[in-house]
Each structure stands twice: as structure tokens, then as C-alpha cells.
Amino acid sequence: MIGIALVAMGAGAAGCLNMWYEAEIDAFMTRTCLRRIPSGKVTKNQALIFGVLTSFLSIAAVSYTHLRA
């Protein structure tokens with residue numbers, strides 16, 4: 001169960017980093033212009049920091065649980 005949660009955390013981090021990378025393009029598309037970064041609710045730096053930290057945290061936690069098992 002913990003492994004599933006950690007993999008989901010990693011997937012969420014990947015989604016966050018994808019939105020950070022695509023922010024300029026998302027601002028021009030009607031389907032994506034209301035996402036957090038293009039609408040200004042979250043800055044690009046906040047998204048980058050959150051995505052990177054969450055990625056490293058999930059990878060480290062999965063590694064730790066794998067080595068411990």
C-alpha cells in the first residue's frame with residue numbers, strides 16, 4: 001500500500017513538472033489556459049521546486065522501502 005502511494009506521488013510530481021515545462025504553450029490553448037501556472041495561481045518557480053522535491057522524495061522513499069524489504 002505504501003508503494004502504491006509513493007508511485008502515485010512520483011506520478012503527480014511528473015505531472016507538475018510537465019505543467020511547468022508546458023506553461024507558455026498552455027497559456028494559449030483554451031483547454032489548458034485555466035491551469036494553475038498559466039492563470040497565475042502558482043508561479044513557475046513554485047511548480048519547479050515542488051515537482052523536483054516531490055520527485056526526489058518519492059524516489060528516495062521507494063528506494064528506502066525496497067532496500068529495507
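I'm trying to understand the selection: among the residues of the range 22-34, which are open to solvent by 70 Å² or more (accessible area, probe 1.4 Å) and in a helix (DSSP H, G or I)?
Answer for the range 22-34, where residues must be open to solvent by 70 Å² or more (accessible area, probe 1.4 Å) and in a helix (DSSP H, G or I): E24, I25, F28.
What are the residue pairs meeting all of these: first residue in the range 14-28, first residue on the phi < 0 side of the Ramachandran plot, second residue modelled with pLDDT under 95 and among the hydroxyl-bearing types (S, T, Y), Cβ atoms under 8 Å, and 6 or more apart or on different chains?
Short answer, once both residue conditions are applied: E22/T32; I25/T32; D26/T32.
Provide a single number: the residues in the range 1-21 that are aromatic (F, W, Y) and either part of a loop (DSSP other than H, G, I, E, B) or surrounded by 17 or more Cβ atoms within 10 Å (Cβ to Cβ) (or both).
Quick first cut of the range 1-21, residues aromatic (F, W, Y) only: 20-21.
Those left that are additionally either part of a loop (DSSP other than H, G, I, E, B) or surrounded by 17 or more Cβ atoms within 10 Å (Cβ to Cβ) (or both): 20.
Residues in the range 1-21 being aromatic (F, W, Y) and either part of a loop (DSSP other than H, G, I, E, B) or surrounded by 17 or more Cβ atoms within 10 Å (Cβ to Cβ) (or both): 1 in total.
Out of the residues in the range 35-69 that are open to solvent by 100 Å² or more (accessible area, probe 1.4 Å) and modelled with pLDDT under 95, which is farthest from M1 (Cα to Cα)?
Filtering first and then ranking leaves R36.
The values are calculated or read from the model by the stated rules, or taken from the named source; none is laboratory data. From a predicted model like this one, the values you see are computed outputs, not experimental measurements. In this analysis, Cβ positions are derived from the backbone assuming ideal geometry, glycine residues included, and neighbour counts consider all displayed protein chains. Quick note on the areas: whole protein, heavy atoms, side chains included, nothing else; ligands and nucleic acids left out. Shrake-Rupley method; radii C 1.70, N 1.55, O 1.52, S 1.80 Å.
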